[in-house]
């Protein structure tokens, strides 16, 4: 078991190629570790028998031959297996097709043996679905591992797998990576494929990916996933000639970095968030990079939050409607918060929705102005340490209000109750920094460089220009070498 825990995915695959171990031995180790720790974490919510690759192995072999792996139970379809999206409504509905990214993971040799916990439809920054119950943080099980890829992050941090599938529509790779002391890279818009069921998730703001313990795992996984399919809506810009894995270890050069911890959504972030970004700035400066602090938020993040939530609620309404159409279920199969979001989405007029979508361009231009002078934007990944499980449960009085309005079909009236402000505070108050990269389509990463005095991880976020995934990986590897996090393990 210790040998298994001491290797990342790239190293485990190398052991299989050398004949030092076998895929069966690795899968047994992963399942034994899951049996040991998952009852305390609730990270893995469905067991699977690993599907076999459909095509012949490429010359040189499969890059992740025999490495155990977990899918996120949201959008990452495996034909014949339900994708619950954390919802009672979809818990027993088998997928009819396998997602493009899942096919690529299987063809790379990964042994997919389970699915991980996620909030209903991925709509929250914490992982506490009614269907499966709350996932818990291996660093302190009283706290959340974040969301919506919280189950995947908890599984990686606890050593069940060296890296796991994730996705990011508003920070859902970076937030749990930060909360669990891991590395998380969100690729830029269009680099990774969608389909065949979906053309673009959440209007192109969401992308799949992984959460990992090592930078090189994320880089090698990007090589596995990058590139369009026949269903892709457009052709992304080409990546590095030698691939993303080759970027790890290369000199990023002297970078100009602009730093900000300021946010109109949370004007007074936790002191540990400021400490995290200050430590990262000092580390970057010590590596020879130039760091400049902004006195104001890098964009109008209050306006960005409104645009983000307008489109998010509308997509939630579509998700609920599609689930009902596919299963014939009633509204009682959805969580109250999901029903509120869907009602708000249905109450949004077409003009308001289009205005919110078009508002993205304003933030793209502002971020482009920053990137004209600076290579990267540095922020905290989250404004607070990982909250306690249940911290965002609705107060009883608000639950009564929302139940009464939903029963009366008063979705439009919900906009005039404290519920909306409460949901903004819940969904974005502790994570006000991550949605910018989604709405602008820029790549961004969370790097685990800080732990609080209580032993909870807090990452820092770096946002790059369009197509800067290679640069982000070069810098992440430099930071990993200068301030290693591999040997920091949770006390679980």
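The values are calculated or read from the model by the stated rules, or taken from the named source; none is laboratory data. As the structure is a computational prediction, the values presented were derived from the model and not from experiment. Ideal geometry is used to build each Cβ from the backbone, glycine not excepted, and the neighbour counts take in all protein chains shown.
Could you check segment 457-484 and list, in sequence order, the residues that are in contact with a strand residue (DSSP E or B) (Cβ under 8 Å, 6 or more places away or on another chain) and in a helix (DSSP H, G or I)?
469, 471, 472, 473, 475, 476, 479, 480
Could you tell me how many of the residues in segment 257-311 are outside any loop (DSSP other than H, G, I, E, B), without any contact (Cβ under 8 Å) to a residue 40 or more places away in the chain and either touching a strand residue (DSSP E or B) at 6+ places or on another chain (Cβ under 8 Å) or farther than 23 Å from residue 203 by Cα (or both)?
Residues of segment 257-311 that are outside any loop (DSSP other than H, G, I, E, B), as a first pass: 257-259, 271-286, 290-293, 301-311.
Remaining after also requiring without any contact (Cβ under 8 Å) to a residue 40 or more places away in the chain: 271, 278, 282, 285, 290, 293, 302.
Now drop any that are not either touching a strand residue (DSSP E or B) at 6+ places or on another chain (Cβ under 8 Å) or farther than 23 Å from residue 203 by Cα (or both), which leaves 271, 278, 282, 285, 290, 293.
The number of residues fulfilling the criteria is 6.
Criterion first (surrounded by 14 or more Cβ atoms within 10 Å (Cβ to Cβ) and either over 25 Å from residue 96 (Cα atoms) or over 21 Å from the mean Cα position of the chain (by Cα) (or both)) does residue 343 satisfy it? Working first, answer last.
Values: surrounded by 14 or more Cβ atoms within 10 Å (Cβ to Cβ): yes; either over 25 Å from residue 96 (Cα atoms) or over 21 Å from the mean Cα position of the chain (by Cα) (or both): yes.
In short, yes.
Please work out if residue 337 is surrounded by 13 or more Cβ atoms within 10 Å (Cβ to Cβ) and modelled with pLDDT under 90.
Details: surrounded by 13 or more Cβ atoms within 10 Å (Cβ to Cβ): yes; modelled with pLDDT under 90: yes.
Judged against the criteria, residue 337 is a match.
From the set of residues in segment 171-218 that are touching a helix residue (DSSP H, G or I) at 6+ places or on another chain (Cβ under 7 Å) and part of a strand (DSSP E or B), which is nearest to residue 455 (Cα to Cα)?
183
How many residues, within segment 228-254, are in contact with a strand residue (DSSP E or B) (Cβ under 9 Å, 6 or more places away or on another chain) and crowded, with 21+ Cβ neighbours inside 10 Å? Write out each step before concluding.
Of segment 228-254, the ones in contact with a strand residue (DSSP E or B) (Cβ under 9 Å, 6 or more places away or on another chain) are 254.
Next, only the ones that are crowded, with 21+ Cβ neighbours inside 10 Å stay: none.
Qualifying residue count, segment 228-254: 0.
Looking only at residues in segment 56-95 that are in a strand (DSSP E or B) and touching a helix residue (DSSP H, G or I) at 6+ places or on another chain (Cβ under 7 Å), which one is surrounded by the fewest Cβ atoms within 10 Å (Cβ to Cβ)? First the steps, then the outcome.
At the first step, the residues of segment 56-95 found to be in a strand (DSSP E or B) are 68-72, 82, 94.
Next, only the ones that are touching a helix residue (DSSP H, G or I) at 6+ places or on another chain (Cβ under 7 Å) stay: 68-72, 82.
Numbers: 68: 28, 69: 25, 70: 31, 71: 29, 72: 29, 82: 16.
So the residue we want is 82.
In the set 170, 209, which member is in contact with a strand residue (DSSP E or B) (Cβ under 8 Å, 6 or more places away or on another chain) and either without any contact (Cβ under 8 Å) to a residue 40 or more places away in the chain or buried (at least 24 other Cβ atoms within 10 Å of the Cβ) (or both)?
Values: 170 fails: in contact with a strand residue (DSSP E or B) (Cβ under 8 Å, 6 or more places away or on another chain).
After ruling out the rest, the residue left standing is 209.
Here is a check on your reading of the model: is residue 157 buried (at least 24 other Cβ atoms within 10 Å of the Cβ) and touching a helix residue (DSSP H, G or I) at 6+ places or on another chain (Cβ under 8 Å)? Even if it seems obvious, please write down each step before you answer.
Numbers: buried (at least 24 other Cβ atoms within 10 Å of the Cβ): yes; touching a helix residue (DSSP H, G or I) at 6+ places or on another chain (Cβ under 8 Å): no.
Judged against the criteria, residue 157 is not a match.
Here are the criteria: (1) part of a helix (DSSP H, G or I); (2) buried (at least 18 other Cβ atoms within 10 Å of the Cβ). Tell me which single one residue 321 does not satisfy.
Result: residue 321 passes all but (2).
Tell me, please, whether a residue that is surrounded by fewer than 17 Cβ atoms within 10 Å (Cβ to Cβ), modelled with pLDDT of 95 or more and more than 26 Å from residue 215 (Cβ to Cβ) can be found in segment 477-486.
Checked against the condition, which is being surrounded by fewer than 17 Cβ atoms within 10 Å (Cβ to Cβ), modelled with pLDDT of 95 or more and more than 26 Å from residue 215 (Cβ to Cβ), segment 477-486 yields no hits at all.
If we keep just the residues of segment 346-369 that are buried (at least 19 other Cβ atoms within 10 Å of the Cβ) and at pLDDT 95 or above, which is nearest to residue 258 (Cα to Cα)?
Out of the qualifying residues, it is 367.
In the set 112, 102, which member is part of a helix (DSSP H, G or I), at pLDDT 95 or above, under 22 Å from residue 207 (Cβ atoms) and touching a strand residue (DSSP E or B) at 6+ places or on another chain (Cβ under 7 Å)?
Just a single option satisfies the conditions, and that option is 102.
Could you check segment 228-257 and list, in sequence order, the residues that are at pLDDT 95 or above and farther than 15 Å from residue 471 by Cβ?
none
For segment 282-290, indicate whether the set of residues that are surrounded by fewer than 20 Cβ atoms within 10 Å (Cβ to Cβ) and under 24 Å from residue 385 (Cα atoms) is non-empty. Talk me through it step by step, then tell me what you get.
Going residue by residue through segment 282-290, those that are surrounded by fewer than 20 Cβ atoms within 10 Å (Cβ to Cβ) are 282-283, 285-288, 290.
Filter once more, keeping what is under 24 Å from residue 385 (Cα atoms): 282-283.
Among the residues of segment 282-290, at least one is surrounded by fewer than 20 Cβ atoms within 10 Å (Cβ to Cβ) and under 24 Å from residue 385 (Cα atoms), which makes the answer yes.
Which one of these does residue 125 not meet: (1) over 13 Å from residue 73 (Cβ atoms); (2) more than 11 Å from the chain's Cα centre (by Cα); (3) in a loop (DSSP other than H, G, I, E, B)?
All conditions are met except number (2).
List the residue pairs whose Cβ atoms are under 8 Å apart, where the first residue sits in segment 8-34 and is assigned to a helix (DSSP H, G or I), the second is exposed (fewer than 15 other Cβ atoms within 10 Å of the Cβ) and modelled with pLDDT of 95 or more, and the two are 6 or more positions apart or on different chains.
The qualifying pairs are 16/22; 33/5.
Of the conditions (1) under 30 Å from residue 448 (Cβ atoms); (2) free of Cβ contacts under 8 Å to residues at least 24 places away in the same chain, residue 142 clears all except one; give me its number.
Single failed check for residue 142: (2).
So residue 223 passes all but one of these: (1) buried (at least 23 other Cβ atoms within 10 Å of the Cβ); (2) more than 23 Å from residue 97 (Cβ to Cβ). Which condition number does it fail?
(1)
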